[in-house]
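> Before I ask anything, here is the structure I am working with.
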Amino acid sequence: MATKKWDKLKLGLFVLAGLAALIFALFMVGQNISLFQSSYSLSARFRNVGGLKQGNNVRYGGIDIGTVKKVKILDDTTIQVDMLIKKDMDRIIRQNASAGIGTDGLIGNRVVNIFPGTSDSPYATNGDLLSSKLKVSPEEMMETLSKSNRNIAEITEKLKFTVNRINSSEGLWKVLNDTSLAIGLKRSLSHIEKAAGNAEWMTGDLTTIVGDVKAGKGNIGKLLRDSSIVIDMGETIGILRKVAGEADQLALHLDQFTTGMDQEIQRGNGTLNKLLKDTVMAGNLSRSLSNVEKGTAEFNENMKALQHNFLFRGYFRKKEKAHMSQTQSP
Amino acid sequence: MTTVIREYDLLQQINQGKGTDLIKIIKLNIPLKVRPFLEEAGGLAGFTGKFFAEGFRPRYEFQEFIRQCFIIGYKSLPLVGLTGFIMGLVLTMQLRPNLVQYGLESALPGMVGIAIVREIGPVITALIFAGKIGSSIGAELGSMKVTEQIDAMEVSGTNPFKYLVFTRVLATTLMLPILVILSDAISLYGSYIGINIRGATSFGFYWDEVFRNLTFGDVMPAFVKTYFFGFAIGLVGCHKGYHSNKGTEGVGRSANSAVVLSSILVFLIDLISVQITDLMGLN
Amino acid sequence: MAIYPEIKTHRLKEHLSEEVVRIRGLKKSFGSNKVLDGFDLSLYRSENLVVLGKSGSGKSVLIKCIIGLLEADEGEIHVLGHSIPELDHEELDQIRVKLGFLFQSNALYDSMTVRENLEFPLRRHWIVVTQDQVDQMVREALENVGLGHTLDMMPIELSGGMRKRIALARTLILRPEIILYDEPTTGLDPITAGEINELMVSIRERYKTSSLIISHDMKCVRETADRVVILIDGKCYAEDSYDGLSRSKDKKIRDFFE
């Protein structure tokens, strides 16, 4: 009889364990809260959350740090996203950190990405509102890519034009002769040409990719997955634009230089040497040259960074091949 | 006119308990291969009807019910737990490479959680349960039938249907859901271990992930269908045993066909339940 | 004896009271196979009646009809004055208290101990019986068959002869007025079979029960029978004492004795 009582006890435990597990599961499912670890809450406001919903992940530097607790509409243009963040992140996220909405992987789950702020800002605490970055949707990314492409093409054209203009200015070269200024100018021009060449390759590649993706060919998944390319591209275009600006400046200064020189010669006072050494124009010119130098270096640096991006892998491979055949052929 | 009269005569015969002619006519018109299936279905349906007709009238065999709950529920836990654990672990390790390919490794807990709670937990547990309990009930009742123990009960003033069948079917119906819940929990723990073989996820974060991805619509239909699984397994086991043929061979056949038929029924119920869940918009 | 309460059963007229089982024109068939075809039988108080027949001649069907496990197609069955086919379930249960049934395969419950096996019919038929009374009755019944030490053993641990005796103890525990034996010595060795035969006789002596014994074992018939009925082709073929039948010249009867 003792064993039977023991059996009943065990059966009771068994049934209770099952019921407890069920009730617990239902409770957890219904509440959607983090019971197993402490957390705090942060919010961000967006114009468009692109389908973000309760339960989506929140990431910081690509690591899951919490979940979206609630998405609510504040007014006709503002949507507030409340997030539950793991407690230990309160020593990481600062008040001037920003939040953006991104896409997670191939299937396109929305995620909130939190981007680090600056270290001079205090840490964000429970209930703080973070500033928001615009979200990048695949469509927008495509849009950005093709726009970047157009920009690059435009700038490249401009650069070529400038280089041509400087090259074809016979009077200038006659005057400069073999001075150090002439050598610097030549080097700068070749750098600009190289950058323009690089940019041209890139536009070619981008056109193919954008065309492919739009036509439904190519690996859209990979493209959509890697939103970092947009940032990289933006940066590169910025630099390229800067280079173009510098080159323009250079051309302008050269123009001023040649006209100034003509005037001086007509007036018959001062020698070329003096002109090259002392005038404001000369100063401007050499500053322009060094700026162009810096700009092209930066641009090439960025191209190297882009090299690591798959989108341009084809381009760099082509380039390497071309280089190989060039070195082999002679 | 003549056909009407004939039908009337046949109806008369049926009313007088002499339905043999009509039954013969119907029987002859059913293809040979379909007959055993129809007989089986009819037998099972009749048995189910008897279950509801007889079971809920007093007197209740409470002691026997508790004993059966212990045997059927508690004693199945180690087996069900072991298979559940392995399923969770294996499923996780099998899914991982594919998810890693798509960069969805972080979705592993949620995905495994849904797979286990919605489908794998209930169905695998029910199949294991059918194998263990369906066969043992089939064999037990079969041998009781063959060795006249069921008759002896009847003679001893006990309704053997209530004492043997009702208690067992009720026990399987009520115990399987509990087994499934516990097996789900063990499975998910197995999955947690599977995730930590190649990665590092904290225990708390894993469970949060699992529950975050689960909805009421995942848990409830899966839970409800296990009652039907349990009912089907118990009923088929008892039906096969209770109507076992004479001889020891009959006992073996009852046990065997109990497992086969109840496994098929588990899948059929699963199929129906997914449709109903779909229609109810809980998917 | 006080612990065996008197169960009130409706009694028929006086002249039938001596005839505890009365069967007239019993018919039972399975499909097209007519097992019993107008069988007649009377069992009188305190007698041992053997129904002799070949295997498959419907002997078991006969006693299963008497106790209500099978439904007869036609014919009357009266047990202690009650018409079995007309009783509902509850009334049948009340009659069954007075009817013992020893199954051919013993039908001991495999999942229960000997004690639980014996307690089973007690608990079923009389709900209000104290544990002490139950224990006493179980012990007494076991000692009656000489197996007091097996109280907490499982049936599977016992030999065939012991199981038969436990089954007999279980049948006796309700002190039935009539005991139906279904081939009590089949499958037992001659010595054990002899012991069972002795038990059957001594039970009759002690409790004044009426017994209906189904058998084809001639040793059993000779040792236990007051009267023998021979069942052939679903009918009562002959009826006499053992000695009377053994002297018969009839071919079919002689078959049993050779």
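> Compute the orientation-averaged projected area for chain C from the convex hull of its Cα atoms and round it to one decimal in nm².
So the mean shadow area of the Cα hull is 14.4 nm².
> Moving on to the next point. Taking N as the number of residues in region C:24-128, what value does Rg over Cα atoms divided by 2.2 N^0.38 Å take? Could the numbers behind the result be given before it?
On the way: Rg = 15.5 Å, N = 105, 2.2 N^0.38 = 12.9 Å.
Here the answer is 1.20, to two decimals.
> Remind me, relative contact order of chain C in percent, using alpha carbon pairs under 8 angstrom and six or more residues apart?
Relative contact order, chain C: 26 percent.
> How big is D for region B:134-219, in µm² s⁻¹ as a whole number, if Stokes-Einstein is applied with the Kirkwood radius of its Cα pairs at 37 °C and 0.692 mPa s?
197
> Based on C-alpha coordinates, I'd like the Rg and Dmax of region C:96-159, in Å.
When restricted to the Cα atoms of region C:96-159, Rg and Dmax are 11.9, 33 Å.
> Over region B:231-283, what is the relative contact order in percent, taking alpha-carbon pairs closer than 8 angstrom and at least six residues apart? List each step's numbers first, then the result.
On the way: 29 pairs, mean separation 19.8, N = 53.
Relative contact order here is 37 percent.
> Please report how many Lys pairs in region A:39-132 have alpha carbons closer than 16 angstrom, counting only residues at least 8 apart along the chain or sitting on separate chains. Numbers along the way, then the final one.
Values: A:LYS53/A:LYS69; A:LYS53/A:LYS70; A:LYS53/A:LYS72; A:LYS69/A:LYS86; A:LYS69/A:LYS87; A:LYS70/A:LYS86.
Going through region A:39-132 pair by pair, I get 6.
> So how tilted is helix C:160-172 from the main axis of chain C? Cα-based, degrees 0 to 90, rounded to 10.
80
> Would you mind computing Rg(Cα) / (2.2 N^0.38 Å) for region A:39-132, counting N as its residues?
Values: Rg = 12.3 Å, N = 94, 2.2 N^0.38 = 12.4 Å.
Relative to the rule-of-thumb radius for its length, region A:39-132 sits at 0.99.
> Could you rank the peptides B:182-191, A:183-192, C:84-93 by their average count of other C-beta atoms within 10 Å per residue, with the highest value first?
B:182-191, A:183-192, C:84-93
> Based on alpha-carbon positions alone, could you give the equivalent ellipsoid semi-axes of chain B from the gyration tensor, as √(5λ), descending, whole Å?
On the way: eigenvalues 385, 113, 53 Å².
Its equivalent ellipsoid spans semi-axes of 44, 24, 16 Å.
> Given a cut-off of under 8 Å on Cα pairs at least six residues apart, what relative contact order in percent is computed for chain B?
Relative contact order comes out at 28 percent.
> Mean Kyte-Doolittle hydropathy of 0.5 or higher plus an axial Cα length of 18 Å or more: which whole DSSP H helices in chain B meet both? Numbers along the way, then the final one.
Working: long enough: B:2-15 (20 Å, -0.28); B:35-55 (29 Å, 0.05); B:77-101 (36 Å, 1.18); B:167-198 (46 Å, 1.19); B:216-242 (39 Å, 0.80); B:248-279 (46 Å, 1.13).
In chain B, the long hydrophobic H runs are B:77-101, B:167-198, B:216-242, B:248-279.
> From other protein chains only, count the Cβ atoms within 10 Å of every residue's Cβ in B:75-81, then give the mean. Each step should come with its number before you reach the end.
On the way: counts 4, 1, 4, 0, 0, 0, 0.
The shielding value for this peptide is 1.
> A further question follows. Only bridges whose two residues both fall in region A:39-132 count here: according to DSSP, what percent of them are antiparallel, nearest 5?
Counting only bridges with both partners in region A:39-132, antiparallel ones make up about 75 percent.
> Where Rh is the Kirkwood radius over the Cα pairs of region B:100-147, the temperature 10 °C and the viscosity 1.306 mPa s, what D in µm²/s does Stokes-Einstein return? Intermediate values should be presented prior to the final figure.
Details: Rh = 13.4 Å.
Once the numbers are plugged in, D ends up at 118 µm²/s.
> Taking each residue in A:59-66, count the Cβ atoms of any other chain within 10 Å of its Cβ, then average. What number comes out?
That works out to 1 on average.
> Please compare each pair in B:LYS246/C:LYS64; A:LYS5/B:LYS225; A:LYS4/B:LYS75; A:LYS158/A:LYS186; C:LYS34/C:LYS219 to a cut-off of 25 Å on the Cα-Cα distance and tell me which ones are over it.
Values: B:LYS246/C:LYS64 16 Å; A:LYS5/B:LYS225 32 Å; A:LYS4/B:LYS75 14 Å; A:LYS158/A:LYS186 18 Å; C:LYS34/C:LYS219 29 Å.
In this structure, A:LYS5/B:LYS225; C:LYS34/C:LYS219 exceed 25 Å between Cα atoms.
> If you don't mind, another one. Apply the a/c threshold of 1.5 to the C-alpha gyration tensor of region B:165-283 and tell me whether it is rounded, prolate or oblate.
It is prolate, given that a/c is not under 1.5 and a/b is the larger ratio.
> At 20 °C and a viscosity of 1.002 mPa s, what translational diffusion coefficient does Stokes-Einstein give for region C:102-226, taking Rh as the Kirkwood radius over Cα pairs? Give it in µm²/s as a whole number.
In µm²/s, the coefficient is 146.
> What's the exposure ranking of B:MET111, B:MET144, going from fewest to most Cβ atoms within 10 Å?
Sorted ascending by nearby Cβ count, the order is B:MET111, B:MET144.
> Just report the Cα centroid separation between region C:138-214 and region B:238-283, whole Å.
Here the answer is 41 Å between Cα centres.
Every number in this text was worked out from the coordinates using simple rules, so none of it is lab data. Everything numeric here is computed off the predicted structure, so don't read it as measured data. Counting neighbours? That spans all protein chains shown, and the Cβs are built from the backbone with ideal geometry, glycine included.
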